[in-house]
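The values are calculated or read from the model by the stated rules, or taken from the named source; none is laboratory data. What you see is a predicted model; the values in this text were computed from it and never measured. A quick note on method: Cβ atoms are made from the backbone with ideal geometry, for glycine too, and the neighbour counts reach across all protein chains shown.
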Amino acid sequence: MPTPRIARKRKNVNPEFSLSVQFASEADALPSRAQVRRWVAAALEHPAEITVRIVDAEEAQALNRDYRDKAYVPNVLTFEYGEISPGVLGGDVVVCASVVEREAREQGKPLKQHFAHMTIHGVLHLQGYDHIDPAEAEIMESREAAILKQFRIPNPYTS
C-alpha cells in the first residue's frame, strides 16, 4: 500500500473536496463537469483541493516538457502539491483530450470510459499511488479497477 500523504480522518465516508474543472480543449465529446466530479469523488481517500484541466496536445506536451523534461504528449499528468492546509491535499490533474481519444479508439473502448480511467488514475497519483515498481503498480491498478467497477466500467488492465 502506498504511504498515505495524510492520515484519513473518517472511514467509509467520501472525504470533502473542492474541485475546479477547466476545459481548455477544442475536442468534441468531452465529459461533463458532473461526470468529472463523480470520478474524482470515487477516487478520493483524503480531503482535497483539486483542479482537473482537460487540454489539447500542445499544452500537455509543453507541461510534460517544462515540468518532467519529457518530449512526448502524455495522456494524463498529475501535479501533486502535498498537504496545502491541515489534512487537505492539493494538486492538479491534466488530461489530454486528443491522446485519450486516440487511445480509446485504438483500445476499442468508449471514450467516456477512458476519460474516467485517466481522471481516476491522475487522482490516485495525487494521493501517492504509483506504478513504477511492479508491486506498487499492482496495488494502483487494482484500486483503479475497483473504482471503475462502481461505474460499470470494465477493468482496463484485463483483455
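Within region 52-68, is there a residue that is β-branched (Val, Ile, Thr), under 13 Å from the mean Cα position of the chain (by Cα) and surrounded by 17 or more Cβ atoms within 10 Å (Cβ to Cβ)? Spell out how you get there, then give the answer.
First, pick out the residues of region 52-68 that are β-branched (Val, Ile, Thr): 52, 54-55.
Then drop every residue that is not under 13 Å from the mean Cα position of the chain (by Cα), which leaves 52, 54.
Of the ones still in play, those that are also surrounded by 17 or more Cβ atoms within 10 Å (Cβ to Cβ) are 52, 54.
Within region 52-68, one or more residues are β-branched (Val, Ile, Thr), under 13 Å from the mean Cα position of the chain (by Cα) and surrounded by 17 or more Cβ atoms within 10 Å (Cβ to Cβ).
I need the full set of residues from region 42-51 which are under 18 Å from Gly82 (Cα atoms) and either surrounded by fewer than 20 Cβ atoms within 10 Å (Cβ to Cβ) or not hydrophobic (A, V, I, L, M, F, W, C) (or both), in order please.
Matches in region 42-51: Glu45, His46, Pro47, Glu49, Thr51.
For residues that are over 11 Å from the mean Cα position of the chain (by Cα) and either buried (at least 18 other Cβ atoms within 10 Å of the Cβ) or not polar (S, T, N, Q) (or both), scanning just region 28-40, find the one that is modelled with the lowest pLDDT.
As a first pass, look at region 28-40 and keep what is over 11 Å from the mean Cα position of the chain (by Cα): 28-35, 37-38.
Pick out the ones that are also either buried (at least 18 other Cβ atoms within 10 Å of the Cβ) or not polar (S, T, N, Q) (or both) and you get 28-31, 33-34, 37-38.
On the way: Asp28: 91, Ala29: 94, Leu30: 97, Pro31: 98, Arg33: 98, Ala34: 98, Arg37: 98, Arg38: 98.
Checking each candidate, the answer is Asp28.
Restricting region 38-59 to residues that are of a type in the set (D, E, K, R) and in a loop (DSSP other than H, G, I, E, B), which is farthest from Lys112 (Cα to Cα)?
First, the residues of region 38-59 that are of a type in the set (D, E, K, R): 38, 45, 49, 53, 56, 58-59.
From what is left, the residues that are in a loop (DSSP other than H, G, I, E, B) are 45, 56.
Working: Glu45: 23, Asp56: 16 Å.
Per the criteria, the residue is Glu45.
Just one of (1) more than 20 Å from Asn64 (Cβ to Cβ); (2) among the polar types (S, T, N, Q); (3) crowded, with 20+ Cβ neighbours inside 10 Å trips up Asn155, so point out which.
Here Asn155 clears every test but (3).
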